[in-house]
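For reference, the structure is listed below as structure tokens.
Values in this text are rule-based calculations from the coordinates and carry no lab data. Remember, predicted model here, so these are calculated numbers, not experimental data. Neighbour counts are summed over all protein chains in view; Cβ atoms, including those assigned to glycine, are modelled from backbone coordinates with ideal geometry.
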Amino acid sequence: QVQLVESGGGLVQAGGSLRISCAASGSFRSINAMGWYRQAPGKQRELVATITSGGSINYADSVKGRFTISRDNAKNTVYLQMNSLKPEDTAVYYCNVDFRTERWNLPRNYWGQGTQVTVSS
């Protein structure tokens, strides 16, 4: 069983910054890719950024140059530093983790419960 605990969301004015984090705990053999997705009201969930265990990073075009994803492998935690926030960044941000089960080394994918980020104009 794996638990993902997200934190750091909140309300910020346009142009401001926030950092959100997601810590994975529980029983697993390894964590591979970690990432963030977001879903705004009335819209589909979309990729924000991902980072592999080797450090390869992918960003959505809409956040390039403003958001930075990073991870601390020792803490099994992924971070998203969000700068120059815009009202259109308002959404629920979900953590997503690819990992391998401890017993059978099977691939699994988990979602966090989400953290609200609201950017006021």
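At what distance in nm do the modelled label points of Glu46 and Thr101 sit from each other, each positioned 7 Å from its Cα along Cα→Cβ?
Here the answer is 3.5 nm between the modelled labels.
Using the charge dipole of the chain (Lys, Arg: +1 at Cβ; Asp, Glu: -1 at Cβ; taken about the Cα centre), state which of Tyr110, Gly35, Asn83 has its Cα farthest towards the positive end.
Towards the positive end, the residue furthest out is Tyr110.
For the chain, give the magnitude of the charge dipole about the Cα centre (Cβ charges: +1 Lys/Arg, -1 Asp/Glu; no others), in debye to the nearest 20.
Here the size comes out at about 180 debye.
Per the Debye formula with a single identical scatterer at each Cα and no solvent contribution, what log10 I(q)/I(0) holds for the chain at q = 0.16, 0.19 Å⁻¹?
The calculated log intensity ratios at q = 0.16, 0.19 Å⁻¹ are -0.71, -0.96.
Counting only C-alpha contacts under 8 Å and six or more residues apart, can you give the relative contact order of the chain as a whole percent?
Once divided by the residue count of the chain, the mean separation gives 35 percent.
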